[in-house]
Structure formats: structure tokens, C-alpha cells
Amino acid sequence: MRDFLLSIGAAQWVLPAMLCWPILAALLVRFGGRDMSRHDDGTAAPSGGPDARTLTLAALSVEAVLSLVVWVVFDPAATGWQARVDLPWLTDIGATISLGVDGLSLPMVVMTALVLPLALLGSWNNVRVRTPAFGALALVLTAGLIGVFVTLDLLAFYLAWELMLIPTYFLIGVWGAAGQSRASLRYVLFTLVGSLLMLVAILSLWTLGGSSSFHLDQLMGLALTPRAQLWMFGAFFLAFAVKSALVPFHTWLPDAQGAAPTFAAVTLGIKVGAYAILRFAIPLFPAAAMEPTVRGTILVLSVIAIVYGALLAMSQRDMKRMVSYSAISHLGFIMLGCFALTQQAVQGAVVTIVNSGISTAALFLLVGMLEDRRGTTDMDGFGGIAKVVPMFSVMLTLVMLSTIGLPGTNGFVGEFLVLIGTYAERPVLAVVATSGVIFAAAYGLRALQRVLFERLDTAKNGALTDLTGRERVVMAAFAVAIIYLGVWPQPMLQRIERASQNIIESVRFGPNAATSLPNVSVVR
């Protein structure tokens with residue numbers, strides 16, 4: 001299959017196709033899709049064409065197929081960027097449309113492209129009004145997410161970064177919970193401030209580089225003073241930490257995900273900020289990232305996020321907010337791996353980004369299915385429903401165990417690698433971080449107990465319907481991913497290995513490397 005795809009030039013067109021297709025499909029959905037809204041008397045609103053949701057699902061499915069093409073043509077043994085495409089853009093200032101993937105971005109692209117159609121299919125009835133506009137915004141958001149993972153030009157990256165912001169704002173503000181527009185505004189304000197600081201740093205880098213290029217490879221070759229590195233790293237890190245919802249920049253996330261429709265809540269759970277730290281912030285400014293005070297502060301904040309997020313998840317009554325705080329705790333593991341900067345820790349961070357995207361998406365879909373049936377996500381409103389909805393209960397248990405990090409599920413692999421890699425550098429922090437696994441078991445099992453296994457004491461819960469055929473297909477796909485990545489993570493680890501080595505070596509031997517690094521290691 002790989003030879004056939006290469007023979008038809010897939011490596012030259014697949015990444016541009018992944019960026020352009022969602023934008024073109026968004027226009028088709030917006031102007032050619034049928035709105036599923038209904039008048040007060042129950043009759044369908046006047047709108048022609050096929051169902052906008054079906055068109056959106058078809059477009060996202062094509063994107064998923066294209067991501068599998070990228071996976072197949074990728075060569076784990078090769079070095080450098082693959083499927084590389086360079087197109088002229090703003091030639092007067094040296095900006096290009098430069099696209100490529102390596103072992104760091106490849107898993108993100110595939111995970112995102114596969115999760116999004118499942119998220120739409122699993123929340124099929126969650127949005128019933130203005131569906132053409134919803135589908136178009138979802139596709140534009142998809143283009144932004146993929147663009148963040150595959151763009152190598154920093155100006156193009158910034159545009160893709162902002163392209164995620166606007167659709168998400170409208171998805172939350174228009175289709176979110178009633179009276180929750182403040183959540184979408186907070187999301188915009190938090191992320192916009194960080195984004196503007198990052199833009200200033202990008203322009204400063206471009207100026208220092210002779211105003212000739214925005215390309216990552218070119219800018220990594222610049223020799224920067226330690227002071228310049230610190231300021232620019234601070235701007236990049238703040239933008240990415242806010243988007244990732246790292247403690248103490250996390251307060252917007254539970255509100256936004258709690259108010260968002262299920263599809264938007266899933267996209268907010270994709271850790272694009274953590275990816276950007278590994279891709280841009282650390283390689284561009286290694287001396288600043290590894291400066292003992294900076295590095296130590298971030299590592300401590302990461303451990304605080306692990307414990308604090310888990311404790312807050314334990315205290316929640318609302319299931320959406322519990323999932324949001326559990327995601328904040330998982331982010332702590334990711335950041336710990338990024339800045340421990342050993343081979344195992346970096347690989348573990350990348351694996352955790354992917355697995356957190358899968359497990360968090362599955363949890364939000366399951367919670368959304370309950371909300372569609374009962375109109376609430378308050379755990380006190382449920383109890384004993386395992387007797388009524390056995391298939392749902394099996395899936396909720398499996399996904400919650402993966403969130404806890406049970407061995408044999410996808411959640412275990414990344415966190416284990418992070419803890420092992422961190423222990424080699426900061427054993428005390430690794431030991432404290434391990435407590436997060438215990439707290440995760442506490443909030444996860446407590447939620448299962450309250451929702452599934454207490455008394456069935458309300459007629460509404462007794463009348464709940466189990467997973468439909470459509471929902472079973474979606475959750476079966478997540479179950480396969482959870483078990484497969486938990487039992488056999490080697491194909492993903494094999495593709496991540498070389499990219500993680502490159503990150504570590506760029507920190508250690510690049511032109512901006514610190515003169516004395518604190519035991520940064522490459523484990524081969």
C-alpha cells in the first residue's frame with residue numbers, strides 16, 4: 001500500500017489536501033446543507049439539500065482517510081520532515097506555506113482526524129438548530145487543528161492557531177448551554193492575550209533573523225542572547241500554557257467545556273498547546289527552557305496540576321466538570337514529561353497527549369449521551385443505571401479505567417513512561433506525581449459508583465434507553481483504540497522515538513543550547 005501511495009505522489013499532495021479539504025467542505029455544508037431546525041408546530045424549516053450533519057460527517061470522514069494516508073506513507077526510519085511541501089506565500093517577507101510531519105506531529109494528526117468524525121457521530125442529536133452553520137464551523141475548526149500540527153512556518157502556524165479560536169467561540173456561544181455565553185468570552189480573552197504575546201515574539205524572531213524567513217528550521221539556527229531567549233520563551237510558553245489550561249491558567253477550561261456542545265468540548269480537550277511547547281517553545285529557546293529556575297518552576301507547576309486537578313475532579317458533582325479537571329491533571333503529566341526531557345519522559349508526554357485526546361473524547365461523548373437523555377450531567381441525578389443501560393455502563397467503565405491509567409489500557413502507557421523518565425531526573429517530583437494516579441482512581445471509581453451502582457430510585461432513570469446502534473459503533477471504535485494502544489503501543493512509540501531524540505539533541509547541542517545543562521539525557 002505504501003509503495004502504491006508513493007507512486008501516485010501522495011507524499012506531495014496529502015498535507016495540502018488535509019488543509020484545503022475542510023475549508024472547501026465548510027462552504028459546501030454552509031450553502032448546500034439542509035437545516036434540521038423545526039418550526040413551533042413541528043414542521044421542518046424550509047431548507048433544501050442533504051442533511052448538513054451528514055455532509056459534515058462525510059467531510060470529516062474524508063479527512064480521517066487522508067490522515068491514514070499520512071500514517072502509511074510515513075517512514076519511521078527516515079530523518080527530517082516527511083510529506084514535505086513548500087509553497088510560496090508572502091515572498092516579500094519570507095513567509096511560505098511549508099507543511100511537513102515527523103514522529104511528533106504524525107500521531108496528533110491521525111488522532112485528531114479520527115476522533116472528530118466519531119465525536120460528531122456520537123453527538124448526532126446534540127445540535128438540532130442551525131446545523132449548516134454548525135457543520136461549517138466544525139470543519140473550519142478542523143482545518144485549524146490540522147494546520148497547527150503540520151505547518152512549519154511560524155506565521156502560518158499563528159494563523160492556524162487563531163483559526164481554532166473563532167469557530168470555537170461561536171460553537172460555545174451559539175450552541176452551548178443557555179446563559180453560558182460568558183464561558184465563550186472567557187475562552188477568547190484568555191487565549192487571545194497569550195496569542196498576541198506569541199505574535200510579538202514571532203515578529204521579534206523574524207527581525208533578529210534578518211527579516212528573511214519565518215520557517216522553523218531557519219529560526220532554530222539563530223544565535224540568541226540568554227535574555228532574548230527568556231523573554232521570547234515566556235511569550236510562547238504563556239500562549240501555549242493558557243491554551244493547554246496549565247495551572248494556574250486553567251480556570252477557563254471547566255466553564256468552557258461545561259457550556260460547550262459535545263463536539264466543541266471534545267476539540268477543547270485536544271492538547272494543542274502541549275504539542276506546541278514540544279514543537280516550538282523548547283527547540284527555539286532551549287537555554288531559557290532549561291534555565292534551572294524556569295525549568296524547576298514549570299516542573300513544580302506540573303506536579304501541582306496533577307494533584308490539584310485530580311483533587312478538584314474528586315469534589316465535582318457535575319460530570320462534565322469532573323472530566324475537565326481530570327484533563328487538567330493529565331496535562332500535568334504531559335508537562336512533566338516535556339520538561340524532564342529524557343527519552344522516556346518525552347515519548348510518554350507525546351503518548352499521553354494522544355491517549356488523553358482519545359479517552360477525554362470518549363468520556364465527553366458518554367456524558368453527552370446521558371445529557372441528551374436526561375437533560376442533566378449532575379451525578380446526583382443518577383444512580384443504579386447499570387441495570388437499565390448495560391452497554392452504556394460497560395463503555396463508561398472501560399473509558400473511566402483508561403482515564404485512571406489501568407494497565408492494559410491506553411492511559412497507562414504514557415503516564416508510566418513519564419514517571420519513569422522523570423524519576424531519572426527529579427525523583428522527588430516523580431514520587432509526588434505518582435499520587436495523582438491514586439487520586440485518579442478515587443474520582444474515577446467514585447463517579448462510577450454514584451452513576452452506575454447506587455440505588456435506582458427515580459422513574460426517569462428507569463426509563464433510560466441504552467446505546468443505539470450508531471452510538472455502539474462509535475464507542476466500539478473508542479474501545480478498540482483504548483485496548484489496542486494499551487496492549488500494543490509499539491507502532492506509535494516507534495514513530496515517536498526519532499522525533500523525541502531530535503528534540504532532546506536540539507536542546508543539548510543546538511546553537512541556543514545552555515552552556516551548562518542540568519543532566520539532560522538521551523536514552524537510546
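What the table below lists for this structure:
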quantity	calculated
Test set (1) under 19 Å from the mean Cα position of the chain (by Cα); (2) crowded, with 24+ Cβ neighbours inside 10 Å; (3) under 22 Å from Thr191 (Cα atoms) - Ala289 fails condition number	(1)
Number of the condition not met by Gln229 [criteria: (1) in a loop (DSSP other than H, G, I, E, B); (2) closer than 28 Å to Ser500 by Cα; (3) in contact with a helix residue (DSSP H, G or I) (Cβ under 8 Å, 6 or more places away or on another chain)]	(1)
For Leu341: the one exception among (1) surrounded by fewer than 24 Cβ atoms within 10 Å (Cβ to Cβ); (2) at positive phi	(1)
Residues of region 141-156 classified as more than 16 Å from the chain's Cα centre (by Cα) and either hydrophobic (A, V, I, L, M, F, W, C) or in a helix (DSSP H, G or I) (or both), total	4
Residue check, Ala327 closer than 21 Å to Gly176 by Cα, at pLDDT 95 or above and small (Gly, Ala, Ser)	no
Criterion: assigned to a helix (DSSP H, G or I) and closer than 20 Å to Ala160 by Cβ - qualifying residue of Val200, Val294	Val200
Qualifying residue in region 295-311 (condition: surrounded by fewer than 23 Cβ atoms within 10 Å (Cβ to Cβ), without any contact (Cβ under 8 Å) to a residue 60 or more places away in the chain and not hydrophobic (A, V, I, L, M, F, W, C))	yes
Number of positions in region 190-231 that are surrounded by fewer than 20 Cβ atoms within 10 Å (Cβ to Cβ), free of Cβ contacts under 8 Å to residues at least 40 places away in the same chain and closer than 28 Å to Thr168 by Cα	4
Of all residues in region 405-414 being in contact with a Ser or Thr (Cβ under 6 Å, 6 or more places away or on another chain) and in a helix (DSSP H, G or I), the one that is surrounded by the most Cβ atoms within 10 Å (Cβ to Cβ)	Gly411
Residue check, Ala477 small (Gly, Ala, Ser) and either over 23 Å from Leu331 (Cβ atoms) or in a loop (DSSP other than H, G, I, E, B) (or both)	yes
All positions within region 1-16 that are in a helix (DSSP H, G or I) and surrounded by fewer than 15 Cβ atoms within 10 Å (Cβ to Cβ)	Arg2, Asp3, Phe4, Leu6, Ser7, Gln12
Test: residue in region 71-89 that is at positive phi and assigned to a loop (DSSP other than H, G, I, E, B)	yes
Unmet criterion (only one of (1) without any contact (Cβ under 8 Å) to a residue 60 or more places away in the chain; (2) surrounded by 24 or more Cβ atoms within 10 Å (Cβ to Cβ)) for Thr91	(2)
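Okay, residues lined up against (1) assigned to a loop (DSSP other than H, G, I, E, B); (2) surrounded by fewer than 24 Cβ atoms within 10 Å (Cβ to Cβ); (3) in contact with a Ser or Thr (Cβ under 7 Å, 6 or more places away or on another chain):
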| position | (1), (2), (3) |
| --- | --- |
| Leu238 | no, yes, no |
| Pro248 | yes, yes, no |
| Ala265 | no, no, no |
| Ile270 | yes, no, yes |
| Ala274 | no, no, yes |
| Ile277 | no, no, no |
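The values are calculated or read from the model by the stated rules, or taken from the named source; none is laboratory data. Remember, it's a predicted structure, so these values are computed and weren't measured experimentally. Because the Cβ atoms are built from the backbone with ideal geometry, glycine has one as well, and the counts that use them run over all protein chains shown.
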